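To start, the structure under review is shown below, and the notes come after it.
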Amino acid sequence: MADRKFSKDHEWIEVDGAVGTIGITDYAQGQLGDVVFVELPEPGRKLAKGDAAAVVESVKAASEVYTPVSGEVTAGNQAIVDDPAKVNAEAEGGAWFFKVKLADPGELGGLMDRTAYDAFLKTLA
Amino acid sequence: MRYMPHTEADRRAMLQAIGVPSVDSLFRDVPEAARLKGPVDLPPHQGELEVERAIAAMAARNLGTASAPSFLGAGAYRHHVPAAVDHLIQRGEFLTSYTPYQPEVSQGTLQYLFEFQTQVALLTGMEVANASMYDGASAASEAVVMATRVTKRDRAVLSGNLHPHYREVVATNAGLLGIALDAAPPCPDGAEDLARRIDDKTACVVVQNPGFFGQIRDFTKLAEACRARGALLIVAVTEVVSLGALKPPGEMGADIVVAEGQSLGNPLGFGGPYVGLFATREKFLRQMPGRLCGQTVDADGQRGFVLTLSTREQHIRREKATSNICTNSGLCALAFTIHLTLLGEAGFRRLAALNHARAAQLAERLEKTRGVEVVGDGFFNEFAVRLEGRKAVDVVEQLAGKRILAGVPVARLYPDRPELADLLLVAATELTTDRDIDALATALEGAR
Amino acid sequence: MSTNPHGTITGNRGLQLEEPLIFEQGADGRSGVDLPEPPKVKSRLGGLERQGAIGLPGLSEPQAIRHYTRLSQKNYAIDAGMYPLGSCTMKHNPRLNEKLVRLGGLADLHPLQPVSTVQGALELIDTLAHWLKTLTGMPAVAMSPAAGAQGELCGVMAMKAAHDAKGNSKRVRILVPESAHGTNPATAAACGYQVEAIPADARGRVDLAALKARLGPDVAGIMITNPNTCGLFENDMIEIGRAVHAAGGFFYCDGANFNAIVGRVRPGDLGIDCMHINLHKTFSTPHGGGGPGSGPVVLSAALAPYAPLPWVVHGKDGFALVEQTEGTARSATGRLKAFHGQMGMFVRALAYMMSHGADGLRQAAGDAVLNANYVLARLSDVMSAPFPGPCMHEALFDDRFLNGSGVSTLDIAKAMIDEGFHPMTMYFPLVVHGAFLIEPTESESKASLDQFIAVMRGLAERVKKGDTDHFHQAPRYTPRRRLDETQAARKPVLRWRPPAPDKQAAE
């Protein structure tokens, strides 16, 4: 958990070796409301940092999920496609979106840690 | 003015409550130079009787299809509409309601849309349908755009038997979006090899059944060819009554079916408003354009209906929407669904059989008519005839002079193709009588 | 049926009658239409006959009449009460218009009859075109767009075609204010343009300085709604037009709110290049539960050559129709729909215009603006208005007056339903938090406005008292209570299917 980083677009990433797991934050799921649909990138797709990689839809909103790092998609979380409610229930737990093989681990340096992200959220209130 | 309730006393009281001296002063944000000081140069208000007289005079200058033997088709068909249809759609609760965004006060509209979607899915042999589009042509165009989204490819093959207006509307949108079109030439005899036009960049093939020239075909093999190359098959139907007699496109393997629904419940009305039908497979649901009504439950657990999956629409996705369309064709869809409910399975199938039988009788008679050749075999309620040595446009004009609406000259839609100049499309429906057929055959024999 | 919240045996509540789906009441062989036995002929279907049942239910005429009558009774309608939906313009739909569209000689015209047999129909289109051009002060109008959104498409396509004709391919961007209706950016994107948002200023208008700063050789044009979606007149329209033209762009005006100024301001005098007109808003063709619409587009001289087909023209033997693209430079825009446009809507709109006349249309705009300002004035002390008046045809409030109450804009809307009013437009425009956009239209009497105002004041007071439960439980008296939209979207059920034992028939 110590390695978890956050973006201003409310994505989180946790890195294990060369692979990062990416999801949306609990704050983001709260803003969206009941999630009804998730679309994930195909494994093998090459992403550049900031690309719209996935789509998450609630009843009233549709939002892109941007990748906080560049790299190749290695997996998507089928469980949240089958049951989008999981995104609301465990956004920062089991409801991860996709995994990326990092092209440049140096990009992580530009992201926030938990404390910085919490402080960032306070500025939005 | 009969439509405005305020008296002068009301207006004065309201202006006082607002705290301004006049209605004009409420327009103070309009630049002075653009404020009109008085009415524009148009006639003043009129009562019902004057307006009715003026518009009835315009109507009287037309020859309506109800007043003459008519064989016009080519994408718009005159059918008998049961009296109950027009009565019901004029109920104010249907006529004067808005799009059902507030489901608690719109269950009437929502339930008929749900029933409509089911009827369309059943007729086309598809899994799901939307709540309707502007018309058949715009539905076809949206289908092509959807196919490019689904396949992530940017080429579309158009059959030469697709209605020319549909081809033009598809071309308009394709031009905007950079979709390349491969449009086969018109082929009145129905034989064209579209499969050889499919390649790895083809998003879809668009065909029509019955074709523009009336011929009917089985597209099962074409559907297989599409699937083999990862392209979608789009089948357009311009005469929806045909689905009561013919193998539905869904059974042929179509991926998207679009249709013009005017034939059920809606008058010819000089071309609009009509109602576009749009059906597809469940797996393409979220790529589908247009409004969708879905079933759910209310706070008391009772079944109810809502507009759903609206995140595909422009008021949420804005520039990323699946389409810029934000209306369906509600009232025309209502007329369609009521007519089809009244018909039911037995009535709809009989209506289709009657249409086909009338057209077959017409063909039999025209086959025996001098100077007239029926083109091809295998049709539903419309087919092409060749008027030997004559231009169909001229013949139709001559017959109009005798108060016979003889059909649609193909040259009206393809004026730049001299090889089609002698072709006339003729349609028969349940409204066609023996006398009508006799009048047409006799007049065609004598026409130059 | 025995378990229902009303405790009746049927689930009915007096005049409020439950109604199953048509598919749940059909019987094989029953029909509401008697058709003659088809004559015996040799089939020409070539072996492509449909096999097996379609699955349509059979109902008799009385069953069908009852079905749709009961459904209709579950709808709110302008005929029944006030429908203050901002930007949608729910005004009275005169019945004369319905009568005229059904006249023989109009309803039974085929679109491809010889032009010599439809001179009256072409005259009608030409007359309506004349009214539209005169009211907008514009030289040309394209009649065929099927609805406002297609009208937008038509206008932006004409802009693009005009740029293309000049060989101008660097103009890739369209500017759209943040407050715009979502169709504007959707339309620009559908035409292949990149969309860039222009901010609003503190007065709820386009920020002129920000707009000017953004103009340049990459901008194809701008799309502005006027009066805008906050119900305000864009004071700087003329200046915006000049600036856009000076930068080589075109000026699209979204005419969704033309009803506020018809007969009082000609958009042509403001310097626009094109504007679509929603006939179902300004000229009162019925909304019909979501269409059909009709969206003619008036065009400046610069854009007129790029109007889509078809056009009605004055020929030597009366009216003629130009339907084909060949051989003209004007084919750039092509065709938007089959045939000639929404004729049924043209008849209704012309009847509406002729009934009002030049004087009545001017009065209609005046009364619409008067009514909105009356609502704004009488509610400003209990609700919160983000911008000072006067407004045009609609009054905008935000949700500051609900701060900390636990009641949302949506909750107020649902409580209005129980009071017998259709809710106003909510959460639009997006530039205002928790927006309430109220458009009374000129059709409402002072008495109905006073009742509406009393309801809104009463609800605001109830919020203050902290009676949140009243709002969260609303609506209570509707055929259905709040519906579960999440379930509908997560597991879409978009059609009826036969119950399980008959499953094979559905395949």
Do we have C:Arg378 as of a type in the set (Lys, Arg) and more than 8 Å from chain B (Cβ to nearest Cβ) here? no
Regarding C:Tyr83, is this residue among the hydroxyl-bearing types (Ser, Thr, Tyr) and either in a loop (DSSP other than H, G, I, E, B) or surrounded by fewer than 19 Cβ atoms within 10 Å (Cβ to Cβ) (or both)? yes
So which of C:Thr89, C:Thr8 is in contact with an Asp or Glu (Cβ under 8 Å, 6 or more places away or on another chain), more than 7 Å from every other protein chain (Cβ to nearest Cβ), over 21 Å from B:Ala245 (Cα atoms) and β-branched (Val, Ile, Thr)? C:Thr89
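Considering each residue of the stretch C:465-493, count those that are in a loop (DSSP other than H, G, I, E, B) and away from chain A (no Cβ under 14 Å), and give that number.
Total satisfying the criteria: 11.
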Count, please, the residues in the stretch B:278-311 that happen to be part of a loop (DSSP other than H, G, I, E, B) and either touching a residue at least 24 places away in the same chain (Cβ under 8 Å) or outside the structural domain of B:Pro100 (by TED's automatic domain parsing) (or both). 7
Just the residues that are touching a strand residue (DSSP E or B) at 6+ places or on another chain (Cβ under 7 Å) and touching a residue at least 60 places away in the same chain (Cβ under 8 Å), please, taken from the stretch C:312-326. C:Val312, C:Phe319, C:Ala320, C:Leu321
Select from the stretch C:358-402 the residues that are in a loop (DSSP other than H, G, I, E, B), of a type outside the set (Gly, Ala, Ser) and either free of Cβ contacts under 8 Å to residues at least 60 places away in the same chain or not assigned by TED's automatic domain parsing to the domain that holds C:Arg462 (or both) and list them in ascending order. C:Asp381, C:Pro388, C:Pro390, C:Asp399
When the residues of the stretch C:231-242 are narrowed to those that are part of a loop (DSSP other than H, G, I, E, B) and not polar (S, T, N, Q), which ends up surrounded by the most Cβ atoms within 10 Å (Cβ to Cβ)? C:Gly231
Complete set of residues in the stretch B:410-448 that are outside any helix (DSSP H, G or I) and at pLDDT below 95: B:Tyr414, B:Pro415, B:Asp416, B:Arg417, B:Ala447, B:Arg448
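Where in the stretch A:18-125 are the strands (runs of 3 or more DSSP E), entirely inside, with at least 1 residues that are free of Cβ contacts under 8 Å to residues at least 60 places away in the same chain?
Output list reads A:35-39, A:52-58, A:62-66, A:71-76.
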Filtered residues of the stretch C:92-119 (kept if over 20 Å from C:Leu309 (Cβ atoms), part of a loop (DSSP other than H, G, I, E, B) and facing another protein chain (nearest Cβ under 7 Å)): C:His92, C:Asn93, C:Pro94, C:Leu103, C:Gly104, C:Gly105, C:Leu106, C:Ala107, C:Asp108
Take A:Thr74 and tell me if it is surrounded by fewer than 17 Cβ atoms within 10 Å (Cβ to Cβ) and among the polar types (S, T, N, Q). yes
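Kindly indicate the residue of the stretch C:243-266 that is within 12 Å of chain B (Cβ to nearest Cβ) and more than 13 Å from B:Val40 (Cα to Cα) and also modelled with the lowest pLDDT among those meeting that condition.
Step by step, filter the stretch C:243-266, then rank; the result is C:Ala256.
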Test: B:Leu334 is buried (at least 22 other Cβ atoms within 10 Å of the Cβ), more than 30 Å from C:Gln63 (Cα to Cα) and of a type in the set (A, V, I, L, M): no
Acidic (Asp, Glu), within 30 Å of B:Ser329 (Cα to Cα) and assigned by TED's automatic domain parsing to the domain that holds C:Pro296: which single residue out of C:Glu152, C:Glu239, C:Glu234 fits that description? C:Glu152
Within the stretch B:1-89, which helices (runs of 4 or more DSSP H) (wholly inside it) include 3 or more residues that are at the interface with chain C (Cβ under 7 Å from one of its Cβ atoms) and either closer than 30 Å to B:Phe383 by Cβ or more than 39 Å from the chain's Cα centre (by Cα) (or both)? B:8-18
From C:Arg490, C:Arg495, residue being under 24 Å from B:Leu110 (Cα atoms), surrounded by 21 or more Cβ atoms within 10 Å (Cβ to Cβ), of a type in the set (Lys, Arg) and free of Cβ contacts under 8 Å to residues at least 12 places away in the same chain: C:Arg495
Taking C:Gly29, is it assigned to a loop (DSSP other than H, G, I, E, B), modelled with pLDDT under 95, facing chain B (nearest Cβ under 7 Å) and over 30 Å from B:Arg53 (Cβ atoms)? yes
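Within the stretch C:282-306, track down each residue that is buried (at least 24 other Cβ atoms within 10 Å of the Cβ) and in contact with a Lys or Arg (Cβ under 8 Å, 6 or more places away or on another chain).
The answer is C:Phe283, C:Ser284, C:Thr285, C:Pro286, C:Gly290, C:Val298, C:Tyr306.
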Is it the case that B:Glu224 is modelled with pLDDT of 95 or more and surrounded by fewer than 19 Cβ atoms within 10 Å (Cβ to Cβ)? yes
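The values are calculated or read from the model by the stated rules, or taken from the named source; none is laboratory data. Just so it is clear, the structure is predicted and the values come from calculations on it, not from any experiment. Here Cβ is always computed from backbone atoms with ideal geometry, including for glycine, and neighbour counts include all displayed protein chains.
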